[in-house]
Structures are given as structure tokens and as C-alpha cells.
1. Rounded to the nearest 10 degrees, what's the angle between the helix 57-73 long axis and the longest principal axis of the chain, both from Cα atoms, 0 to 90?
2. Report ³J(HN,Hα) in whole Hz for each residue of segment 96-108, in order, from the Karplus equation J = 6.51 cos²θ - 1.76 cosθ + 1.60 where θ = phi - 60°; Gly and Pro get x.
3. How high is the relative contact order of the chain? Use alpha-carbon pairs under 8 Å, at least six apart in sequence, and give a whole percent.
4. Going by a ≥ b ≥ c, the root eigenvalues of the Cα gyration tensor, does the chain fall in the rounded group (a/c under 1.5), the prolate group (a/b larger than b/c) or the oblate group?
5. How much of the accessible area of segment 12-90, in percent, comes from carbon and sulfur atoms when a 1.4 Å probe is used?
6. Which of the GluC sites (Glu not before Pro) found in segment 25-112 are loop residues per DSSP with 16 or fewer other Cβ atoms within 10 Å of their Cβ?
7. Could you rank Lys72, Lys111, Lys43, Lys17 by how accessible they are, 1.4 Å probe, largest area first?
8. Could you report the chain's accessible area per residue, 1.4 Å probe, as an integer in Å²?
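The values are calculated or read from the model by the stated rules, or taken from the named source; none is laboratory data. As the structure is a prediction and not an experimental result, all values here were calculated from the model. Counting neighbours? That spans all protein chains shown, and the Cβs are built from the backbone with ideal geometry, glycine included. Side chains are part of the model used for accessible areas, which takes the heavy atoms of the whole protein and leaves out ligands, DNA and RNA. Shrake-Rupley method; radii C 1.70, N 1.55, O 1.52, S 1.80 Å.
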Amino acid sequence: MDCIFCKIIAGEIPSQKVYEDDRVLAFHDINPIAPVHILVVPKRHIPSLLAIQSDDQELVGELHLALQHVAKEMGVADSGFRVITNTGTHGQQTVHHLHYHLIGGRQLEWKA
Ligand code: AMP
Ligand code: ZN
């Protein structure tokens, strides 16, 4: 499948990993918009938030626990951070493999 994140998960494209377990991978975004900008992804290809199924509920929970772990690991748990999942055209999703941006390390603004 022609999916850049599947290739990262398969080790075919290099990434700077910060967390990995059986079902979840976290790595640095190649084009960070803040001092901390990590992508947290399921290892299984799920195209977007809209494609999550009832069977994926445990996996979604694991992704959230991974986000919590990465926030602590990257030192932004106390200062605060933001988690974003861009979805579809208006959401400006460019990679069609479910991913959560974890952004922090500076004061963020709220403007969409
Ligand atoms: P989105 O626009 O929400 O779909 O986010 C896709 C993100 O993937 C962007 O922030 C890109 O900078 C990031 N990205 C694309 N290719 C790579 C790569 N090879 N390694 C790490 N991050 C990437
Ligand atoms: Zn994929």
C-alpha cells in the first residue's frame, strides 16, 4: 500500500521514534510546527478518524495512553500541549493513515 506512515511502521522510511509497542508507534513530525511535535499512529492502517470501528475501541484507548506517555516523556505534561487529528478536506488531512499530532513546548494560540 502506498502509505507513507505504513512505510515508516515497516521501517522502509526512517523516522525518529519516541515510543513503540505492539500496536502503536510515535515519531517526530518531519516538519515540526512547535518545539515538540510528535505523531502518534496505530500500526494498523486506518485511513482516518471516520474509519474507526467499534472493534477499534481498545486501540483508540491505547493511542490515548500512548499520547499521555509521550507528553510526559517529551516534558510537556506540566506545561501543557495539544492533540489534533486532522480529518478530510476542510481538516487538511494530508496523510490518510490515522494520526494524532501532539504539539507543545511553546505557548499555543487557538485559531483554526
Ligand atoms: P496531516 O496534514 O494532519 O495529515 O499530517 C501529516 C503530517 O505528517 C504532517 O505534519 C507532515 O509534516 C508529517 N509527515 C509527512 N511525512 C513524514 C515523514 N516521512 N516523517 C515524519 N512526518 C512526516
Ligand atoms: Zn498506512
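1. Taking Cα atoms only, the helix is inclined about 30 degrees.
2. Along segment 96-108, the couplings run 8, 9, 2, 8, 10, 7, 10, 10, x, x, 7, 5, 8 Hz.
3. Relative contact order of the chain: 31 percent.
4. rounded
5. Result for segment 12-90: 50 percent of the exposed heavy-atom area is carbon or sulfur.
6. Passing both the DSSP loop test and the Cβ count: Glu109.
7. Largest to smallest exposure gives the sequence Lys111, Lys72, Lys17, Lys43.
8. Counting only protein heavy atoms, the per-residue value for the chain is 64 Å².
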